[in-house]
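**Student:** I am attaching a structure below and will ask some questions about it afterwards.
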Amino acid sequence: MFADRHFAYDSRHAEQRLAKALRGLGAPDQTVPASILDQDVSSRDLLQLAWDRAEREIDELQTELRLLRQRHQEAERRLLARIAERRLLQQTILAYRGRPPGSAGVAVDV
């Protein structure tokens with residue numbers, strides 16, 4: 001009977017140390033919910049819960065990264081379109097410049 005209680009105490013103590021170690025590794029407090037720590041949960045289960053939580057967080061971060069890349073690509077396309085418009089404007093200016101003075105109606109001295 002003493003051995004069973006001693007094992008249960010050691011197991012619980014080890015699980016608490018594991019949860020504390022996970023937090024020490026930078027795992028968020030929610031990695032192992034407090035309600036789980038109050039239950040009789042094995043170290044393997046705690047590790048599995050922490051692993052699953054990390055997987056979910058990785059998925060969320062990858063989704064955020066994908067969205068950031070999409071926004072970046074959209075902004076890049078808009079800037080490239082503006083550059084193309086300005087280059088077209090420059091070509092138009094050069095075309096007017098090549099005409100005899102007064103024929104374009106615009107005096108440009110480039």
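The values are calculated or read from the model by the stated rules, or taken from the named source; none is laboratory data. Quick caveat: nothing in here was measured; it's all calculated off a predicted structure. Every residue, glycine among them, receives a Cβ derived from its backbone with ideal geometry; neighbour counts consider all protein chains shown.
Table: residues versus (1) on the phi < 0 side of the Ramachandran plot; (2) modelled with pLDDT of 85 or more; (3) more than 27 Å from the chain's Cα centre (by Cα); (4) not polar (S, T, N, Q).
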{"residue": "34", "(1), (2), (3), (4)": "yes, no, no, yes"}
{"residue": "58", "(1), (2), (3), (4)": "yes, yes, no, yes"}
{"residue": "62", "(1), (2), (3), (4)": "yes, yes, no, no"}
{"residue": "72", "(1), (2), (3), (4)": "yes, yes, no, yes"}
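**Student:** Could you give every pair whose Cβ atoms fall below 9 Å, whose first residue belongs to region 88-107 and is in a helix (DSSP H, G or I), and whose second residue is at pLDDT below 60 and acidic (Asp, Glu), counting only separations of at least 6 or pairs across chains?
**Tutor:** 97/109
**Student:** From the list 84, 107, 95, which residue is modelled with pLDDT of 95 or more and over 29 Å from the mean Cα position of the chain (by Cα)?
**Tutor:** Just one listed residue meets the conditions, 84.
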